[in-house]
Amino acid sequence: MSVWWGGRVRSDDDVPLADDRGLLLGDGLFETVLVKGGAAPLVDRHLARVTASATALRMPLPPLLAETVAGALHELFESEARPARAVLRVTVTRGRGRGLTPPVGPAGLVITLGSLPAAADVAPLAARTVAWPRVDPRDPLAGHKVISAMARVEARIAANAAGAEVALVTTVDGDVCEADAANVFAVVDGVLVTPSLDRGVLPGITRARCLEALAREGRPAAERALTSLEIARASEAFITSSLNGVRPLREVDGRPLAAPGPVATWLARCGL
């Protein structure tokens with residue numbers, strides 16, 4: 001196969017990802033892991049999630065994935081000049097090959113490390129509920145961190161065009177399930193609510209850690225469908241992600257919120 005890349009024709013050996021199914025079809029999974037001082041204490045949770053997704057989607061994983069990631073992290077950390085804070089991205093694909101029929105060959109793997117600002121950005125955000133995409137909880141890809149994220153890119157563009165920094169995404173049934181790249185929580189009638197996983201929600205690592213911290217302290221939280229009407233009258237709302245932890249929302253669909261609210265403040269004090 002011949003490939004045009006970088007201004008000239010090359011062989012596929014010169015551009016090894018040219019026929020990777022991740023590039024051609026978005027046929028793969030990824031994880032973004034927070035790294036502090038060269039350590040990634042939550043990497044096991046991320047690798048457990050990608051393993052569960054690969055099993056559900058009948059996708060092979062590279063052998064000795066955990067060992068490979070650990071070795072790569074060490075080398076990448078040194079190559080990146082030992083940043084205080086960084087993001088490790090692990091991308092696995094179904095391997096090389098064109099067409100929709102999956103190949104028999106080995107899985108693909110790309111691991112990168114990029115420097116991040118020394119502190120997470122926790123400034124409150126404005127959110128806007130967008131009309132598209134609509135998550136179908138019955139979709140076999142729902143709840144998995146797939147690399148084909150164009151729908152979420154379009155959601156963020158729509159939110160930005162409406163004057164917000166982040167999009168809130170609904171299901172085909174109309175309930176709010178996620179932010180464009182994060183999980184969502186809202187305090188409704190004094191109860192902290194986060195959409196349940198059966199709504200097509202990604203099982204976020206920070207989402208789980210928040211629920212664990214709340215349970216340890218006996219603080220109530222409900223995992224269930226979160227309606228648009230409920231988030232419209234929430235007293236507090238925030239989103240969670242692995243890289244930025246708990247991020248308060250100062251506004252939802254033009255309605256101001258106190259940010260950070262008491263629950264987000266408490267979770268931040270817990271180190272989340």
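Brief remarks on what is shown
- Top-ranked residue of the range 232-264 - restricted to ones that are surrounded by 15 or more Cβ atoms within 10 Å (Cβ to Cβ) and among the polar types (S, T, N, Q), ranked as farthest from A127 (Cα to Cα): S242
- Enumeration of residues in the range 27-73 that are among the basic types (K, R) and closer than 28 Å to A120 by Cα: K36, R45, R49
- Boolean, P117 is more than 17 Å from T240 (Cβ to Cβ), in contact (Cβ under 8 Å) with a residue 60 or more places away in the chain and surrounded by fewer than 21 Cβ atoms within 10 Å (Cβ to Cβ): no
- Qualifying residue in the range 47-60 (condition: buried (at least 18 other Cβ atoms within 10 Å of the Cβ) and farther than 23 Å from S241 by Cβ): yes
- Any hit, the range 30-37, residues being without any contact (Cβ under 8 Å) to a residue 40 or more places away in the chain and over 19 Å from A149 (Cβ atoms): no
- Residue that is nearest to P102 (Cα to Cα) [pool: residues in the range 19-33 that are under 25 Å from the mean Cα position of the chain (by Cα) and in a loop (DSSP other than H, G, I, E, B)]: D27
- Out of V104, V92, sole residue that is of a type in the set (A, V, I, L, M, F, W, C), in contact with a strand residue (DSSP E or B) (Cβ under 8 Å, 6 or more places away or on another chain) and either outside the structural domain of H144 (by TED's automatic domain parsing) or assigned to a loop (DSSP other than H, G, I, E, B) (or both): V92
- Residues that are modelled with pLDDT under 95 and surrounded by fewer than 14 Cβ atoms within 10 Å (Cβ to Cβ) were ranked within the range 82-105; the one that is nearest to A40 (Cα to Cα) is G105.
- For the range 52-74, a residue qualifies if it is of a type in the set (D, E, K, R) and either closer than 16 Å to L29 by Cβ or touching a helix residue (DSSP H, G or I) at 6+ places or on another chain (Cβ under 7 Å) (or both), and exactly one does: R58.
- Members of the range 39-88 found to be over 23 Å from L141 (Cα atoms) and either of a type in the set (S, T, Y) or in the same structural domain as H144 (by TED's automatic domain parsing) (or both), listed by number: T68, S79
The values are calculated or read from the model by the stated rules, or taken from the named source; none is laboratory data. Quick caveat: nothing in here was measured; it's all calculated off a predicted structure. Cβ: placed from backbone, ideal geometry, glycine included. Neighbour counts: every protein chain shown.
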